[in-house]
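To start, the structure itself, in structure tokens.
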Number of protein chains: 4
Amino acid sequence: MARPLRVTIWNEYVHELTSDVVRGLYPEGMHAVLAAALARLLGGAVRVRIATLNQPDHGLTFEVLAETDVLTWWGHAAHERVEDEIVDRVQRRVLEGMGLVVLHSAHNSKIFRRLMGTTCMLRWREAAERERVWIVDPGHPISAGIADEFFEIEHSEMYGEHFDIPQPDELFAISWFEGGEVFRSGCTWRRGKGKVVYFSPGHESFPIYHHPSVQQVIANAVMWAAPSGGLYLGQGRNIPQPLSPIAARHVVDESLHRAK
Amino acid sequence: MARPLRVTIWNEYVHELTSDVVRGLYPEGMHAVLAAALARLLGGAVRVRIATLNQPDHGLTFEVLAETDVLTWWGHAAHERVEDEIVDRVQRRVLEGMGLVVLHSAHNSKIFRRLMGTTCMLRWREAAERERVWIVDPGHPISAGIADEFFEIEHSEMYGEHFDIPQPDELFAISWFEGGEVFRSGCTWRRGKGKVVYFSPGHESFPIYHHPSVQQVIANAVMWAAPSGGLYLGQGRNIPQPLSPIAARHVVDESLHRAK
Amino acid sequence: MARPLRVTIWNEYVHELTSDVVRGLYPEGMHAVLAAALARLLGGAVRVRIATLNQPDHGLTFEVLAETDVLTWWGHAAHERVEDEIVDRVQRRVLEGMGLVVLHSAHNSKIFRRLMGTTCMLRWREAAERERVWIVDPGHPISAGIADEFFEIEHSEMYGEHFDIPQPDELFAISWFEGGEVFRSGCTWRRGKGKVVYFSPGHESFPIYHHPSVQQVIANAVMWAAPSGGLYLGQGRNIPQPLSPIAARHVVDESLHRAK
Amino acid sequence: MARPLRVTIWNEYVHELTSDVVRGLYPEGMHAVLAAALARLLGGAVRVRIATLNQPDHGLTFEVLAETDVLTWWGHAAHERVEDEIVDRVQRRVLEGMGLVVLHSAHNSKIFRRLMGTTCMLRWREAAERERVWIVDPGHPISAGIADEFFEIEHSEMYGEHFDIPQPDELFAISWFEGGEVFRSGCTWRRGKGKVVYFSPGHESFPIYHHPSVQQVIANAVMWAAPSGGLYLGQGRNIPQPLSPIAARHVVDESLHRAK
């Protein structure tokens, strides 16, 4: 693709404004750290903009979404404050082909639950324990650039199974937690024409988004989720004329015809 | 399973009351034909009840759903008249393990779109053309009892690709249409603990639900979608105590703790 | 199914004859413990026979395989002593519909590698560490009867990722190991008409096959892998006569026709 | 990727030398038509070489394979003349990450059957009938650039279901045949680190490889199957030292230790 991939980083941007711990780790917001990571790792291949909850339309106007190829989503404290109308709009764009990269606590966001059809709930524990992220699909484009079979996060929030999601189309990472759990931490799905990634490492009160391997995976996920072009076919099409001849035509009750 | 599988057949039951053609084919409703087919093919292995749109709670009270192992769903003219609250309730039960068999024009039902996360739209044409249903997964339990590589429906409504669904976990049938289209006509997915089947053959203005192979597939689908038992884990579980010892505990900002 | 499921338990039966430790744990062979577990858990629903490496045809004659609905396979020290001709025979039966339950070190068996197309290799460590088996698909029939979100094995051999298998059609268990690894320990695939299960817990020098939950999973896997009936279609079929009329026939070079 | 993708087009190159019809359509071999199509559609993004059956090592020496990122494979009359040793070598490279694009009658090649684990057999008829290739995954990169919901091939060989393959990881095309069959004509799988594509349109005695949409799909498939980098982990790794501390060490029978 000649032109840069247009990435919008969405952050609810609440914890950074209300907690000293979080502000200490992410003084300009987690979105700023992610934006800098994408710029450093992907350079001119992407053009990044930011959107946050408190902006009009949560920063996701029709215009912004129309100009977004891949959207990343971080939310936690304010999932319910995201307007259903905006969720509809984002879902529609995903089905049309926009990529969506869902991060950490956004497992419980409206948009992720909408696309999955399940509760997306899980076990969790915030005990600053060690997380070891194992690459279980080393040939997946999202795994590229990870130099070893795993990488470690010194202090992490535990997310554990059972995670109530549809089985991923592709599972690229599974996490091990010191306290005893496992978690499908790197997953992909397709919905309509859009590609969806869920990647769990990342937390407001630990410096996980500063971790080089976490940044690498997110950058890879953004590139992988890029739209592939082609027709959008998510609408009903009544095709009265057959493409090939039909031998005999039965009497059909025309009164039943209606638009779908 | 010693006790019979409790099956609820849901039918919006509109066309049969408003169209002479449909009433001629299904004088007591499509649900009655389906119920008789299940009784004939499955005998004492199932106990069938009926629910329809115009009953209180569309016939799907908490009590009825709590006593339903597998729900079949047929709708077309009145998808929008199904209350969102009932859709929530059915979705919840599917995630808890209730099977759901979605029939024909119910591809566009609220409950199916809710579970899929996509538009579920498709091409269609009502020209009474021939449909040939090919079994593409002859080892699947839902394909059992189909004696040949395919079966034919003399007069069918065409449903064609692209069908905007997540790729099925299992694809057991693909239909060929005389007028030139193909369609993924037999699909399964898992959502939460529930098994979901979509099977497209079946139409109000053709006698398709009287077709022996169509009945066989639906009976197989009902049995396949039976709950498998086990825990329901679709809720968040905060687990403060680790299962295995954690070496060092980092200071965590307790002000961020909250129920998910 | 009215008649009992015919199960053949295959064991290479080498370690039990050469190691005091193994004989102490499994005096009559691991197969005997598995057979007793199936009898206890499944009763008259199954009829079990045993086959071992040193029998003629490794105990897997055409007659035995023709009368086997589900085959379980345990091997470790003698994978290369299994004759290719017998592997061909077992593969053929799987494609025709026989279930196959592959246990522990049989990840490296000829038959499993044949069906997967990959090396099926993995990390491992024999340090008697704790394994915690997490159920990640609580609605799967193979997970039925496991009372909690996980079960534990006090002393286990570590098997870890990356495990070089095609992504499972269904992943029902992931194991956590005390020493720091994770493993996709419960997987299913379909090959031809046959259902294939891989379940890793189980080891010759630990009493893992005496563990109630391990036995429950294996019993469930055997039942799940039962053949579903229907046609076997794994052979080429030349169909000179079309099912539907072809408008115009082009000249075809008959000299190119040949059986496939 | 800065450097061009290194593509090797493998053709058994038998029919072109023995049949006037085939030579008339592909005077310099089907490989020459495919090479020209890749050059035209992909330009400097690829560097193409040719390999054929009658070359030493079938043109697939260790050196050639080591310098191949994506291999395309066409065979029909001489599958059995491909040496097992070369099949082993190609399989190994696929597991290490080389892409493989399997064309038309190569469904029955040794390498494809090796990677699938099934017979890969199908129905077929050579009656020069119309084939209509429906795109069922319009968001897949391999579907990019196809301008409509389908494309047509005026005279095609019918390949029909049941096609004995493992369910594709992704199904991007289904074909409709005038004579009445359907076929999963565009499929992808992952094996080890390699990406595998099967695309059925293409036949020696019809000019199908001159068809613009067929060429587009093959070019897309080649690009999609490019290796993604990262570690190759298809070998056993004994890891005696745990990554995390193990509380108690049980006595293990060291006599059982052995390399896998």
Only counting other Cβ atoms within 10 Å, I'd like A:GLU154, B:GLU63 sorted with the fewest neighbours first. B:GLU63, A:GLU154
Residues whose built amide H sits under 5 Å from the amide H of D:GLU129, excluding neighbours closer than 5 in sequence, are D:SER156, D:MET158
Coordinate range along principal axes, alpha carbons of the range B:65-181, Å, largest first: 40, 31, 23
Within a 10 angstrom radius of each residue's Cβ in A:223-232, how many Cβ atoms of other chains show up on average? Whole number is fine. 5
Which distances, shortest first and in nm, link A:GLY145 to the matching position in the other copies, using label points set 7 Å out along Cα to C-beta? 2.6, 4.8, 5.4
What is the mean number of Cβ atoms from other protein chains located within 10 Å of the Cβ atom of each residue in peptide C:122-134, rounded to a whole number? 6
Could you give me the ³J(HN,Hα) list for the range B:16-30, computed from phi with Karplus coefficients 6.51, -1.76, 1.60 and θ = phi - 60°, whole Hz, x at Gly and Pro? 5, 8, 10, 10, 5, 4, 5, 4, x, 7, 9, x, 9, x, 4
Taking only Cα atoms of the protein assembly as shown, radius of gyration then Dmax in Å: 28.1, 81
Amide H contacts of C:ARG49 (H built 1.01 Å from N, under 5 Å, at least 5 apart or other chain): C:VAL7, C:THR8, C:ILE9
In a GNM of chain D with a 10 Å cut-off on Cα contacts, which of D:THR68, D:THR118, D:THR188 has the highest mean-square fluctuation? D:THR118
Between D:SER213, D:SER228, D:SER200, where does the largest GNM mean-square fluctuation fall for chain D, given springs only between Cα atoms within less than 10 Å? D:SER228
Taking a label point 7 Å from Cα toward Cβ, how far is C:LEU231 from its twins in the other copies, in nm, shortest first? 3.1, 4.4, 4.7
Once amide hydrogens are built 1.01 Å from N within the peptide plane, the residues lying 5 or more places from C:ARG237 or on another chain with amide H under 5 Å from its amide H are D:LEU122, D:ARG123, D:TRP124
Just to be sure I understand: with springs between alpha-carbon atoms less than 10 Å apart, which residue in A:LEU60, A:LEU34, A:LEU231 has the highest mean-square fluctuation in the Gaussian network model of chain A? A:LEU231
In chain D, what residue has the beta-carbon at the shortest distance from the axis of the rotation relating D to C, and what is that distance in angstrom, rounded to the whole number? D:GLY117, 3
HN-Hα J in Hz across the range A:192-207 - Karplus 6.51, -1.76, 1.60, θ = phi - 60°, x for Gly and Pro: x, 8, x, 9, 10, 10, 10, 9, 7, x, x, 7, 5, 9, 10, x
In peptide B:186-193, what is the residue-averaged number of other protein chain Cβ atoms found within 10 Å of each Cβ? 5
Whole-Å distance linking the alpha carbon centroid of the range D:200-231 with that of the range C:125-184 is 39
Tell me the volume per residue, in Å³, of the convex hull enclosing the alpha carbons of the range A:114-260. 175
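Counting helices only, and only those DSSP H runs with n ≥ 4, report the 222 nm mean residue ellipticity of chain D as the sum of -39,500 (n - 2.57) divided by its residues, in deg cm²/dmol to the nearest 500.
Details: 7 runs with 61 residues, N = 260.
Estimated from H runs of four or more residues: -6500 deg cm²/dmol.
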Phi to ³J(HN,Hα) by Karplus 6.51 cos²θ - 1.76 cosθ + 1.60 over the range A:220-229, Hz, x for Gly, Pro: 4, 4, 4, 5, 5, 7, 4, x, 9, x
On C-alpha positions alone, give me the angle between the axis of helix C:84-96 and the longest principal axis of chain C, in degrees, nearest 10. 70
For A:GLY43, inter-copy label-point distances (7 Å, Cα→Cβ), nm, shortest first, read 2.0, 7.1, 7.3
Counting only DSSP beta bridges with both partners in chain D, the antiparallel fraction in percent, to the nearest 5, comes to 55
At q = 0.11, 0.17 Å⁻¹, the log10 of I(q)/I(0) for chain B from a Debye sum over equal Cα scatterers comes to -0.60, -1.37
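FYI, it's all coordinate maths here, none of it is from the lab. The shown structure was predicted, so the numbers you read here are calculated from the model rather than taken from an experiment. Using ideal geometry, Cβ is built from the backbone for each residue, glycine included, and neighbour counts are taken over all protein chains shown.
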